[in-house]
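Encoded as structure tokens, the structure appears first; notes follow it.
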Amino acid sequence: MDISQALTEAVGSTFANLAFMDAEPDFAHPGEPSPGQIIAIEFLHPLDGYLMLHLTAETKQLIIENIHGVDWESLSGSEVDDCLMELTNIMAGNFLVLIGAGEHRYSLSLPQVLYDASDLIDEDELVDHYFSVNGQITRVSIKYLPGSKNSGS
Amino acid sequence: MRYKKILVVDDSATSRMIVRRCLEMAGYSDAMFLEASDGALALDLLETNPVDLIVTDLKMPRMDGRTLVKKLQSNPATSDIPVLVVSSVAGCAEEHGVYGSNVVTAVQKPLSPAKLMHALEE
């Protein structure tokens, strides 16, 4: 499966099954998502790279409320971050399994919340993919290199 | 088999909530749920709280799911407890051999009540 197809499937199924939201590729995206939140995770095996999820504030709120089933103002900052990190972890894991067919072991870092992607990586190294998530533009940026960063534990 | 006391092990509180919610919707609404945020805390909890089923993530700080499974297998008091592995990278069948006989199956996240029910019926 090619990268774009695997990412489309992983993003679509994660949003649908975890947050009950529709996510479709947005090839003619009208612009960048307004700044909201970035969640990053690193591929360790069988790939070396990153996945970064860029969410608008509106999409972030909808994800949280759909998953928790409560008004997001009733949740703490750490509960909100944990929810977004779990969504990113699942998305990256599903992508890794789809792209790494035949591998026996997969490994990801723990996800982290960022306010600026350049804190972690030179953004020029990332390839951007745009999705419409319940009508909101959402960017998923990935860096993908064959070969693992560790032995695949 | 009906599980009456279930330990959910995951570093994400969101994930623990989802596992519990899915199990409740899969027919385990009467079960008692215990939670731990890593393998080491799960082992501590098991010393005083025997359970019928353990549902664990793989990637966790301090002690991961694979180490937890191995420690459970090596202890006669816990080696018979069935373990369900849930992970964002748990989908491949080859993983099953890694874990050993006490692991019921490995289920890939995102979870659903149907996925969990099917896994527990295997």
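The values are calculated or read from the model by the stated rules, or taken from the named source; none is laboratory data. Worth saying up front: this structure is predicted, and the values here are computed from it rather than measured. Positions of Cβ are generated from backbone atoms using ideal geometry, with glycine treated the same way; all protein chains shown enter the neighbour counts.
Looking only at region A:96-128, count every residue that is surrounded by fewer than 23 Cβ atoms within 10 Å (Cβ to Cβ), facing chain B (nearest Cβ under 10 Å) and in a strand (DSSP E or B) and tell me the total. Count: 1.
For region B:1-22, which residues satisfy the criterion of being more than 14 Å from chain A (Cβ to nearest Cβ) and of a type in the set (Ser, Thr, Tyr)? Of everything in region B:1-22, just one residue is more than 14 Å from chain A (Cβ to nearest Cβ) and of a type in the set (Ser, Thr, Tyr), namely B:3. Taking region B:53-75 as the range and being outside any loop (DSSP other than H, G, I, E, B) and either free of Cβ contacts under 8 Å to residues at least 40 places away in the same chain or within 10 Å of another protein chain (Cβ to nearest Cβ) (or both) as the test, the residues that pass are B:66, B:67, B:69, B:70, B:71, B:72, B:73, B:74. Scan region A:16-32 and give yes if some residue there is in contact (Cβ under 8 Å) with a residue 40 or more places away in the chain, within 13 Å of the chain's Cα centre (by Cα) and assigned to a strand (DSSP E or B), otherwise no. Yes, because at least one residue in region A:16-32 is in contact (Cβ under 8 Å) with a residue 40 or more places away in the chain, within 13 Å of the chain's Cα centre (by Cα) and assigned to a strand (DSSP E or B).
Could you check residue B:78 against (1) out of contact with any helix residue (DSSP H, G or I) (no Cβ under 7 Å at 6 or more places or on another chain); (2) part of a loop (DSSP other than H, G, I, E, B) and say which number it fails? In the conditions (1) out of contact with any helix residue (DSSP H, G or I) (no Cβ under 7 Å at 6 or more places or on another chain); (2) part of a loop (DSSP other than H, G, I, E, B), residue B:78 misses (1) alone. Looking only at residues of region A:47-95 that are small (Gly, Ala, Ser), within 12 Å of chain B (Cβ to nearest Cβ) and more than 22 Å from residue A:137 (Cβ to Cβ), we find that the one that is surrounded by the most Cβ atoms within 10 Å (Cβ to Cβ) is A:93. Considering (1) at pLDDT 95 or above; (2) part of a loop (DSSP other than H, G, I, E, B), the lone condition that residue B:19 does not fulfil carries the number (2). Considering (1) part of a strand (DSSP E or B); (2) over 26 Å from residue A:100 (Cβ atoms), the lone condition that residue A:70 does not fulfil carries the number (1).
Among the residues of region B:81-122, those identified as modelled with pLDDT under 85 and within 11 Å of chain A (Cβ to nearest Cβ) are B:89, B:90, B:91, B:92, B:93, B:94, B:95, B:96, B:97, B:98. Restricting attention to region A:33-61, the residues that are under 14 Å from residue A:115 (Cβ atoms), in a strand (DSSP E or B) and not small (Gly, Ala, Ser) total 7.
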